[in-house]
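Throughout, read-outs are computed from the coordinates displayed, never taken from laboratory work. Note that the structure is predicted; figures quoted are calculated from it, not measured. Virtual Cβ from ideal backbone geometry, glycine too; neighbours counted across all protein chains shown.
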Amino acid sequence: MQTSHEQPPRHSPSLVRLFFSFLRLGTTAFGGPAMIAHIRELVVGRERWLDKETFRDGVALCQTIPGATAMQMAAYVGLRLRGVQGAIAGYLGFGLPAFFFMLALSVFYSSTHSLPTVVAAFSGLQVIIVAVVANAAISFGKNFLIRWQHGAVALVAAGLFGLAAHPILILSLAALLSLVLNNGQPVIQPEAPRTHLPSTTLPFLSLLVATAVGFTLLSFFRYDLAQMALLMVRVDLMAFGGGFASVPLLFHEIVEARAWLDASTFLDGIALGQLTPGPIVITATFVGYLLHGFIGAFIATVGMFLPSLVLLIGIAPHFSRLRASRRFSQAIDGILCSFVGLLFTVTIRFALHVHWDWPHLLLAAAAFGALSKKIDLLWVVLGGATVSMLLL
């Protein structure tokens, strides 16, 4: 006899219902990867669109490929239910609220960031972001630094990032170093997925061609926007491990390599990203708006989110073979370990650009303690902004 949580899946929803279901969920999608639990409740529990094994396969896929994990899970669910059109519907529905929230905050920031109250709020938010990134580094470390080989990769990555090596070079070397150090080490083979997707080769190639044409036209008419979009594409394709993995990559490219924004403004953008639903990489909208206005916000957001959607559509039917590859698993392990080092180093760099006094030190310590106790990040950021406006 089946219990209620073991009932068979229902029929697939329409594209419109799928879109609005994820739009409603995306409006309250605070907490980053924690949103996967809410997606599961919607898809497996309340609506019974997928069974728990299929959903678990999707989580494994989205945690392995680069991009924002929760966003990709929305696309994966749509892909399972309604094919490529469903993937696009789920992805757009889940991501649009974050885009519009961040766009509104970016407009507000550009016109008010010099006001004394706003300056005070962001002075506190900047030290909280230092605590947030430090906590993310520790969380990554607990999850991925299991053997001494993992620690060695993280240390090498931290050292190279400290010497201003390009993050993509660091990630490539981390993958290679992991292959060398872990040669001969046993690899736990993951359980094979119980469900299989039909081939998506034709729509995948169609999306690639459409994307290439779009970037070519953009390069012809607005080369500056095309440069920004391609930068976002590179960041998205290297952000293994979720949204926080993009922080050191964005910081290097936007602040250090190109000086499009100063470090303080970039920190403000990261802080605003914590006030919006959706992944932290929605900071791309903030960057695009400050550089090129509304069209810049749109182009930067597309550049940041389109690659991981296309990648998921292309890889999903073949993921079981990738998971079975020993070298693939070891290379991905190296890249994930390197992000521990990158996040550690970028924490130090963020800290060097923040004004420190006793009130700010106490605020950072309180934020770090609250995050360590698993208090929701949104409340930590809102509380920090309130304290900053009142006391700093």
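Please compute the Kirkwood hydrodynamic radius of region 42-133 from all pairs of different C-alpha atoms, in Å with one decimal. Intermediate results must be reported in sequence, preceding the final value.
Numbers: mean 1/r = 0.0632 Å⁻¹.
In region 42-133 this quantity evaluates to 15.8 Å.
Taking neighbour counts of Cβ atoms within 10 Å as a proxy for exposure, in what order, fewest first, do ARG321, ARG349 appear?
ARG321, ARG349
Which order do peptides 364-374, 99-109, 238-248 fall in by mean Cβ count within 10 Å, highest first? Don't skip to the answer; put the middle values down first.
Details: 364-374: 16.2, 99-109: 18.5, 238-248: 25.3.
Going from most to least packed, we get 238-248, 99-109, 364-374.
Ranked by Cβ crowding within 10 angstrom, fewest neighbours first, how are HIS318, HIS355, HIS38, HIS360 ordered? Write out the running numbers ahead of the final one.
Numbers: HIS318 13, HIS355 10, HIS38 16, HIS360 19.
So the residues, fewest neighbours to most, are HIS355, HIS318, HIS38, HIS360.
Please tell me the relative contact order of the chain in percent, rounded to the nearest whole number, where contacts are Cα pairs under 8 Å and at least six residues apart.
In percent, rounded to a whole number, it is 30.
Find which of LEU249, LEU272, TYR223 sits farthest along the positive direction of the dipole of region 215-300, computed with +1 on the beta-carbon of Lys and Arg, -1 on that of Asp and Glu, about the Cα centre.
My answer, from the dipole projection, is TYR223.
Would you mind computing, in nm to one decimal, how far apart the modelled labels at LEU230 and VAL213 are, each placed 7 Å from Cα along Cα→Cβ?
The answer from the label model is 2.0 nm.
As I understand it, the value is the acute angle between the Cα axis of helix 116-144 and the longest principal axis of the Cα atoms of the chain; what does it come to in degrees, rounded to 10?
Once rounded, one gets 40 degrees.
Going by the alpha-carbon gyration tensor, a ≥ b ≥ c the square roots of its eigenvalues, is region 198-356 rounded (a/c under 1.5) or, if a/c is not under 1.5, prolate (a/b greater than b/c) versus oblate? Kindly include the intermediate steps, with their values, before the conclusion.
On the way: a/c = 2.28, a/b = 1.21, b/c = 1.88.
Judged from the Cα gyration tensor, region 198-356 comes out oblate (a/c at least 1.5, b/c at or above a/b).
Counting other beta carbons within 10 Å of each Cβ, put MET389, MET304 in order, fewest first.
Values: MET389 17, MET304 30.
By the 10 Å Cβ count, ascending, the order reads MET389, MET304.
Using the Cα centre as the reference, give the magnitude of the dipole from point charges on the C-beta atoms of the chain (Lys, Arg: +1; Asp, Glu: -1; all else neutral), rounded to the nearest 20 debye. Please report the intermediate quantities before stating the final value.
Numbers: 23 positive and 16 negative charges, 190 e Å.
So the magnitude is around 920 debye.
Mind checking the full-extension length gain between LEU169 and ALA324? Use 0.36 nm per residue of separation minus the Cα-Cα distance, one decimal, nm. The partial results should precede the final answer.
Values: separation 155, 0.36 × 155 = 55.80 nm, distance 2.59 nm.
In short, 53.2 nm is gained.
How much of the pair distance distribution for the chain lies past 26 Å, counting alpha-carbon pairs only, in percent? Please report the intermediate quantities before stating the final value.
Values: 40947 of 76636 pairs.
When every Cα pair of the chain is considered, 53 percent fall beyond 26 Å.
Treating the beta-carbon of each Lys and Arg as +1 and of each Asp and Glu as -1, no other charges, what is the dipole magnitude of region 157-311 about its Cα centre, to the nearest 20 debye?
Numbers: 4 positive and 7 negative charges, 57 e Å.
Taking the Cα centre of region 157-311 as origin, the dipole is about 280 debye.
Could you work out the helix-only [θ] at 222 nm for the chain, with each DSSP H run of four or more residues adding -39,500 (n - 2.57) and the total divided by the number of residues, to the nearest 500 deg cm²/dmol?
Working: 16 runs with 285 residues, N = 392.
Only helices count here, giving -24500 deg cm²/dmol.
For helix 358-372, report the angle its Cα long axis makes with the longest principal axis of the Cα atoms of the chain; keep it between 0 and 90° and round to the nearest 10°.
For helix 358-372, the angle is close to 10 degrees.
If one takes the longest principal axis of the Cα atoms in the chain, at what angle in degrees, from 0 to 90 and to the nearest 10, does the Cα axis of helix 283-315 lie?
Tilt relative to the chain: about 30 degrees.
Once fully extended, how much extra length lies between LEU179 and LEU205, figured as 0.36 nm per residue of separation less the alpha-carbon to alpha-carbon distance?
Working: separation 26, 0.36 × 26 = 9.36 nm, distance 3.04 nm.
Contour length minus the Cα-Cα distance gives 6.3 nm.
For region 96-172, rounded, prolate or oblate, judged on the Cα gyration tensor with a ≥ b ≥ c (square roots of eigenvalues), a/c < 1.5 rounded, else prolate if a/b > b/c?
Values: a/c = 2.39, a/b = 2.32, b/c = 1.03.
Here region 96-172 falls in the prolate category.
Once you order the gyration tensor axes a ≥ b ≥ c over the Cα atoms, which shape class does region 257-342 get: rounded for a/c under 1.5, otherwise prolate or oblate by comparing a/b with b/c?
Details: a/c = 2.75, a/b = 1.77, b/c = 1.55.
It is prolate, given that a/c is not under 1.5 and a/b is the larger ratio.
With the Cα gyration tensor of region 45-200 in hand, convert its eigenvalues to equivalent ellipsoid semi-axes via √(5λ) and list them largest first in whole Å. Could the numbers behind the result be given before it?
Values: eigenvalues 215, 180, 38 Å².
So the equivalent ellipsoid measures 33, 30, 14 Å along its semi-axes.
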